[in-house]
Structure formats: structure tokens, C-alpha cells
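> Mind looking over this structure? Questions follow.
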Amino acid sequence: MKKLFKNIYQWFKQKDRIIYLEYSALSLLVILPLLRPGYILLLDLVFTPKIPMPTQINNSFPLNAFLHYLNLFLPSQIIEKLLLFLILALAGIGIHKLIDKIGVKNEWAKYFAGILFIFNPFVYSRFMTGQIFIILAYALIPFFVRSILNFFDQPDLRTSLRVSFWTLLISIISIHSIFFMAMIAIIFGVGKLITKIRDKKWIVNFIKFGLVSIVITLALSFYWFMPYVSGKTKASQIADNFDIRHVIVFQTSADKNLGVLYNTAGMYGFWAEEGGRYLLAKDILPYWPVLFGVILLIVFWGIFVGYKKHRYLTISFTVVGFFAFVFAVGSAYPGFEKIYWLMLNHVPLFNGYREPQKFVTLLILSYAVLGALGVEDLLNRGGESRRMPEGFKMILPALFIIIPVLYSPVMLWGFGGQIKPVDYPKDWYQINQILNNDKEEFKVLFLPWHEYIGFRFADRTIANPAPNFFEKPTTAGDNPEFGTVYSQTNNPTSDTIREHIVSGKSPEEIAGVLTSLDFKYILLAKEADWEKYNFFDKTNKLLLVEDAENIKLYRNLEYKK
């Protein structure tokens, strides 16, 4: 054991290894209060005691299968919290290493970029709504960019395979990141081609091994890409149903005083920020526009000085940031609306961006890199200045790295105490056991019929966890009910349930409808509008098996296998 600790110590002593500990500690400053027993249940984050094996082939099948098998050895609570920890730690580590790759030598500048990449309104809002796989992909984007830059420096089989690895990994985690990576590859690739236009050997290797990387990536993505193209996945159905309603409902939001442009530039604008779902940093920071203005000035200074020292990289990151900003604003600003619709109607995969604010991912990437260039130059100038007091020179680096934290202080210590671990009600576990004791093969219908429900035990609205919590095949609402968007898929079973059961128009036929759909049991959670299903107790076709504090269990008496 002593030798093991000595080897670990020696490993961390090597160059740049200490950042793993530093960003891990920073991550713990955010999530430590969340490590108590219980589940973190948020709008789109609903881990359950058992992580089911995925039944649909989509891009995230390998990830979900991995989590399922990992759950055989680790409780899902631990897996969930490990993911939350890794997101923030990897975000800082990845951008820190990327800044080192582009040639920034000043350590404080690297920490400025790393902390800004962690502490910002985009990461905060996505965390508060439980979109952890979007921000896990966000955290890994710097690793992809680093692999792309290494490939452009030396295009060969080794570097092309690394590009394929990061592309595949990130695309498995979040399908939305595919377009981000394509943007980066195209913009940086064109820029590098311009600088290497006379180097025939480099161009030949670039084309040859670039094609190798593309072929490998496409071949290993074939398992989900073909079902997606053929419209057989839920994601492809949602994309196919994308229309003007989605544009309106998920449009990037504007600040009531400063409008949509400054709001988006300030890394805000996520549609879920509206309606008081959670506390925003700008709600308690009246000076937020000034503080962001300081960040923006640092970024612009980074563009100015970077153009002289790192021209290719500075121009590339600036172009990426510009297009990311335009796409993130989307249809919310008249000047960008035509560009957004042009992309939406004619560019493959772009039609999946029903809420364009996700492009802030690349905007923050640009801020972090260009900001690091600015901070390095300002610290160098400050160190050489004879007019600046020595005491101020000592605290200047700390001022730079504290700016991002001051801009998003609500992230600290469990997101300002807004997120707390909870457990599912005891009667949910009891009902699950009752269902498991029935050895027949059957399906369970979970009501009320909503994809998102305000559960009392979660103390917030969350995605319906029933299909994953109950081990028997369970069908729950697939209707998100966001504004004018009631449903996003074309599911005949859902249509039948809404027409004959949810509507309550024909209670005498309910058992027959349930039987035709292979439902032996109904679970009725005492949440939301559950009392509208009181007619269940008035028909002799359903037997009330259990009436617990939080949930009712009915058996379909006409069901025969």
C-alpha cells in the first residue's frame, strides 16, 4: 500500500498532472453537498435504482449499455454522482490542456480558461435542468479540439485514430455535438490548408489520413446512423416533427433589459431560464452586464494580441465563436433569422437543433481560448510595468481567475443549495415488488399521462421515471407539453391511450382497450391531475390491488394470457 501511494505521488509530481487534483477539488466545491445518500432528480435527470438495458438502438446505446452493466457492480446513486463530478473536473482539465497545446505558457491564464469553462451560466442552467450528457459532451469538446490540432500538426495514422476516438465518444454521449465537431473540423481545416497550401506532402497526408478518420468514424457509427436516417429512432421522429411550434417554444430567450444579443453573448438564453424554474446568477447580480463586459474585453484583447502571435489559431477560434453566436441566437433576432432558417432547411443534422442555444457550447470554447491569450498578455504587461504597485502585481492573477466564479457564484456548494439528494417513496419500491411477484409476461400502464410531472418526493417537475424505475415493461406519457408542443412522436399506442383512457370518454371499454395493448396493470401516482382518473374506482373491470400513500395499483380483470 505504501508503494502504491508513493507511485501515485510520483505520478502527480510530473508536469501538468497536478491539474487533475486541482480541478477535482474545484468540482467538489460544487457537488460535495450532493454526495449524500439519495438521487439527484432534475427535469431531465432521473436515475433509478436499476439502470435498464437500452431497448432502442440509437447513438447513446453503448453508453447506456455500459451504465447498465456498471450498475451490476456499483449502485446507480454512485454512478450518477460520479458522472456529475467528472463533468466539471474534465471540463477544467480538458480546456487547461488545450490552452497549453496552443502555446500559452502562463499558468494563471490556463486556470482562467479552465475556471471560465466550468463556471458560466450555460453549464449552470444545463446542470439545473439535468441535461448532464449535453454538458458531459461539452466537457469533452476541448479534448476533441486538441486531437484535431495534433492531427493538423502531423497528419498520420496515430493522430487520425485519436480524432476518430474523440469523435465517436462525444457523438455517443450527445448527438447534438456532431455538428459542433464538424464546424470545428471544417473551420480549422480550411485555415490550416491555407497555411500549408505549398506543402504537398502535408496535403497528401492530410487528405489520406483525414479520409481514414472519416471512414472509421462512419463505419463505427453505422449501428445508429442507419436507423436514424430511416426514421426508426425517437430522435429521428422528433427531428422529423420539428416545425414552427418548436422554433417558438424553444427559442433563445432575451434579457428584459438588454435583449437577446447581449443575453446570448453572456452565455444565457436557455429557454428553461424563463418562468422562475431556478435562481439565475443575474437575478442576484445587478452588475452582471459589467462583469461580463470585463470578460468580453479580455476576450477581445486576446483576439488583438493573439492575431500577432497565434494568427491561425486566433482567427479560427474567432470564426468558430462568431458562427456559434449567430446560430445560438437563431430566430430570436431578425438579423440572424434568415441564416437560421437557411441552415435549418438545407443543412443535414441541423434540423435537430430545436433549441439553438446549445451552440453557446462553442462560444464558451472560444471565450476560454481567446480569453487565455488576453490574460497571458495582460499579466506579462503587468509584471513588466514599473508603475504598477508590487502588491497589486501579486494579486492580479487571482483577480483574473476569480472573475468567472463571481460571474456564476450560484454554482458553488450544491448550486446554492437548490439541489438536494432524495429517494423514491417506499410504496414505489413495494409496488415494484408486487409486480415482480407476478411471473406472467405483461405490460404496465403508468398514469397520469405526462412525460414531465411535478412529483412531491422530488420537490420539482422531472421527466417521468416510471419506465426505468419499475422492472416490468412500463409505458408512461411521451407528451412533453411544452407550450404549443404537446407531443413529438407518432406513436399509435400513445394515441390509443390518450383517446380511450386519458380522455375518460368510455370507462366501460377501458379493460378491453388495456387488454388489446397487453396491459395487465395500471399504476396511478397521486400526483398532478391524478383525480381525473377516479372513474377507475367505478368500473367492475378494474380491481384495486393496492392503495398506498403515493400510488395506486389496479389490475385489469379482463386480461388473460
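> So which residues in segment 35-61 are touching a Leu at 6+ places or on another chain (Cβ under 9 Å) and part of a helix (DSSP H, G or I)?
Once the filter is applied, which keeps residues that are touching a Leu at 6+ places or on another chain (Cβ under 9 Å) and part of a helix (DSSP H, G or I), segment 35-61 yields only L35.
> Can you report the number of residues in segment 107-134 which are outside any helix (DSSP H, G or I) and either buried (at least 24 other Cβ atoms within 10 Å of the Cβ) or without any contact (Cβ under 8 Å) to a residue 40 or more places away in the chain (or both)? Explain how you work it out, then say what you get.
Step one: of segment 107-134, the residues outside any helix (DSSP H, G or I) are 119-120, 129-131.
Right, trim to either buried (at least 24 other Cβ atoms within 10 Å of the Cβ) or without any contact (Cβ under 8 Å) to a residue 40 or more places away in the chain (or both) and you get 119-120.
Counting residues in segment 107-134 that are outside any helix (DSSP H, G or I) and either buried (at least 24 other Cβ atoms within 10 Å of the Cβ) or without any contact (Cβ under 8 Å) to a residue 40 or more places away in the chain (or both) gives 2.
> Something else: Please verify whether L90 is in a helix (DSSP H, G or I), within 29 Å of I186 (Cα to Cα) and touching a helix residue (DSSP H, G or I) at 6+ places or on another chain (Cβ under 6 Å), treating the condition exactly as stated. Outline the logic, then answer.
Working: in a helix (DSSP H, G or I): yes; within 29 Å of I186 (Cα to Cα): yes; touching a helix residue (DSSP H, G or I) at 6+ places or on another chain (Cβ under 6 Å): yes.
Taking the combined requirement at face value, the residue satisfies it.
> Name the residues in segment 525-545 that are polar (S, T, N, Q) and outside any loop (DSSP other than H, G, I, E, B), would you?
Quick first cut of segment 525-545, residues polar (S, T, N, Q) only: 534, 539-540.
Once the filter is applied, which keeps residues that are polar (S, T, N, Q) and outside any loop (DSSP other than H, G, I, E, B), segment 525-545 yields only N534.
> Restricting attention to segment 47-62, which residues are aliphatic (A, V, I, L, M) and modelled with pLDDT of 95 or more?
If the condition is that a residue be aliphatic (A, V, I, L, M) and modelled with pLDDT of 95 or more, then I51 is the only one that fits.
> OK, next. So if I check each of I170, I207, which one is in contact with a Phe, Trp or Tyr (Cβ under 8 Å, 6 or more places away or on another chain), in a helix (DSSP H, G or I) and either in the same structural domain as V299 (by TED's automatic domain parsing) or of a type outside the set (A, V, I, L, M, F, W, C) (or both)?
I170
> Answer yes or no as to whether F457 is aromatic (F, W, Y), at pLDDT 90 or above, closer than 30 Å to Q131 by Cα and assigned to a strand (DSSP E or B).
The answer is no for F457.
> For a quick check of your reading of the model, give me the residue pairs whose first member lies in segment 441-467 and is among the polar types (S, T, N, Q), whose second is assigned to a loop (DSSP other than H, G, I, E, B) and surrounded by fewer than 20 Cβ atoms within 10 Å (Cβ to Cβ), with beta-carbon atoms closer than 7 Å and at least 6 apart or on different chains.
As it stands, the answer is T461/L43; N464/E451, since those pairs meet every condition given.
> Considering only residues of segment 480-522 that are at positive phi and more than 24 Å from the chain's Cα centre (by Cα), which is modelled with the highest pLDDT?
So the residue we want is D518.
Rundown of residues vs (1) under 25 Å from the mean Cα position of the chain (by Cα); (2) in the same structural domain as Y228 (by TED's automatic domain parsing); (3) among the small types (G, A, S); (4) not in a helix (DSSP H, G or I), yes/no style:
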site	(1), (2), (3), (4)
Y312	no, yes, no, no
S316	yes, yes, yes, no
V320	yes, yes, no, no
F323	yes, yes, no, no
V329	yes, yes, no, no
G335	no, yes, yes, no
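> Another question, then. Which one of these does L514 not meet: (1) in contact with a strand residue (DSSP E or B) (Cβ under 7 Å, 6 or more places away or on another chain); (2) loosely packed, with under 15 Cβ neighbours inside 10 Å; (3) assigned to a helix (DSSP H, G or I)?
Single failed check for L514: (2).
> Pairs, please: C-beta under 9 Å, at least 6 apart or cross-chain, first residue in the same structural domain as L149 (by TED's automatic domain parsing) and surrounded by fewer than 23 Cβ atoms within 10 Å (Cβ to Cβ) and in segment 79-106, second of a type in the set (D, E) and assigned to a loop (DSSP other than H, G, I, E, B)?
Within 9 Å, the pairs are K97/D16; D100/D16.
> Identify the residue in segment 425-479 that is over 28 Å from the mean Cα position of the chain (by Cα) and of a type in the set (F, W, Y) and, among all such residues, is surrounded by the fewest Cβ atoms within 10 Å (Cβ to Cβ).
The qualifying residue surrounded by the fewest Cβ atoms within 10 Å (Cβ to Cβ) is Y429.
The values are calculated or read from the model by the stated rules, or taken from the named source; none is laboratory data. Treat the numbers as computed from the prediction; the structure is a model and nothing was measured. Heads up, the Cβs are rebuilt from the backbone with ideal geometry, glycines too, and the neighbour counts pull from every protein chain shown.
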